[in-house]
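The values are calculated or read from the model by the stated rules, or taken from the named source; none is laboratory data. Keep in mind that what you see is a predicted model, and the values were worked out from it rather than measured. Quick reminder, even Gly has a Cβ in these numbers, built from the backbone with ideal geometry, and neighbours come from all protein chains shown.
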Amino acid sequence: MPTYDFRCRGCGHRFTVRVDIKDRHKVTCPSCGGKEVEQLFTGCTVRTGGGACDLPSPGGGFAGG
């Protein structure tokens, strides 16, 4: 199950929730219980067979291993 980052519009609390994609609209703030939360778009981690995170290099392609 994926994790999503949210911020409460009422109290400003930022939090991460592990929730099914179809239930993201049901998330409430764990701090104040508010129902007006917005999903934050953050980076993701990619694991490869080399055990490292590969990031795109400035010239294109991948720079990690």
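At a glance:
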| item | result |
| --- | --- |
| Filter result (in a strand (DSSP E or B) and either farther than 12 Å from Met1 by Cβ or at pLDDT 95 or above (or both)) within segment 18-33 | none |
| Answer residue from segment 34-49, given it is surrounded by 11 or more Cβ atoms within 10 Å (Cβ to Cβ) and of a type in the set (S, T, N, Q) and is modelled with the highest pLDDT among those | Gln39 |
